[in-house]
Amino acid sequence: MGLAPNTRNALVPLPALFLGGCGLLRAPVLDPHGPIARSERDLMVMATALMLTVVIPVFVLTAAFAWRYRASNTRAAYCPEWSHSALIETIVWTVPALIVCCIATLVWVYSHRLDPYRPIGTAASALEVDVISEDWKWLFVYPAQNIAAVNELVFPDDRLLRLKLTSDSAMSAFYVPGLGGQIFAMAGMTTRLNLRADGPGAFTGRNMQYTGDGFPDQSFATRAVTPSEFAAWVAAAKQSPDALDPANFAALERPSRDMQPHHYSSVTPNLFASVIAKYAPPMAQDTMQSAAADRQSGAR
């Protein structure tokens, strides 16, 4: 007898679901391209394996008990007065306790190993990038190169990438799954993140914190390139007709959706500090302005 039409229609999408599941094997978190992402993948695999030591036996024993003590099996012992087993209670309490201890150890070790503020390799050769979250876009400022880019983060694959983040609007969560590490960007505050790539590659980064209507579009292209390609990219950005002056930055602050990558050939000095100062208490603003003045006088 064939299946009813409604049943056949319900089963049609199943092959697509199984085929689509193959894409999980190519998920960025399972296909790391940097030491941080690789450590996060390993931690996830170890934690999952530890939890499966309980999950798998539960499923196996559930099926075994259902088969063993089915109504038609007259050989199974029937013990209605049974109420206590020291062996079962020992297993039930000891195994979860050991798993909790193992997971706690992993969390302790990897919390220090994956500290976002911890440098990866030699900090002296690191590329410094200031990251500012706007509605709904990301602004990347390269202080040493005096350029900026919107929704495009490019860095050499042979250098540590040191990010300094803040927000010029709502709190956002910066995340590049292929490279690892998620960190919040908050108005009036500075957070830091260190990343490194294994080699050249293209990745997608995005905001993981809901920030309103344009949240789905707040993503950015990330590229790890060779040193020569990075130098060429910087040179091309220097040719942009636009400078990130106060007028252009004011335009950039206005909410916009799905903004394509755009470059600025120069940047207003101390832009990142000025964004921080907008949301800082008055006393903190005076302190930051004094520090900026000291830096400028020292540079002269």
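Filtered by the rule that a residue be in a loop (DSSP other than H, G, I, E, B), of a type in the set (Ser, Thr, Tyr) and buried (at least 17 other Cβ atoms within 10 Å of the Cβ), segment 188-222 gives a lone residue, 211. Exactly one residue out of 132, 99, 91 is surrounded by 10 or more Cβ atoms within 10 Å (Cβ to Cβ) and not in a helix (DSSP H, G or I), and it is 132. Checking 261, 246, 255 one by one, the residue that is in contact with a strand residue (DSSP E or B) (Cβ under 9 Å, 6 or more places away or on another chain), more than 16 Å from residue 187 (Cβ to Cβ) and at pLDDT 90 or above is 261 and no other. Of the residues making up segment 47-57, not a single one is at pLDDT 85 or above, in a loop (DSSP other than H, G, I, E, B), over 29 Å from the mean Cα position of the chain (by Cα) and in the same structural domain as residue 106 (by TED's automatic domain parsing). Of all residues in segment 90-122, those being at pLDDT below 90 and more than 30 Å from the chain's Cα centre (by Cα) number 3. Checking 69, 78, 117, 142 one by one, the residue that is under 19 Å from residue 191 (Cα atoms), surrounded by fewer than 12 Cβ atoms within 10 Å (Cβ to Cβ) and of a type in the set (Phe, Trp, Tyr) is 117 and no other.
Per-residue answers, yes or no, for (1) in contact with a helix residue (DSSP H, G or I) (Cβ under 9 Å, 6 or more places away or on another chain); (2) farther than 13 Å from residue 129 by Cβ:
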residue: 142; (1), (2): yes, no
residue: 157; (1), (2): yes, yes
residue: 194; (1), (2): yes, no
residue: 207; (1), (2): yes, yes
residue: 247; (1), (2): no, yes
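Going through 203, 220, 230 one at a time, which residue ends up being under 16 Å from residue 167 (Cβ atoms) and in the same structural domain as residue 137 (by TED's automatic domain parsing)? Answer to the check: 220. A single member of 266, 256 is of a type in the set (Gly, Ala, Ser) and under 27 Å from the mean Cα position of the chain (by Cα), and it is 256. When residue 241 is tested against (1) part of a helix (DSSP H, G or I); (2) over 23 Å from the mean Cα position of the chain (by Cα), only condition (1) is not met.
The values are calculated or read from the model by the stated rules, or taken from the named source; none is laboratory data. Not measured: the values here are computed from a predicted model. Cβ atoms come from the backbone with ideal geometry, glycine included; neighbour counts cover every protein chain shown.
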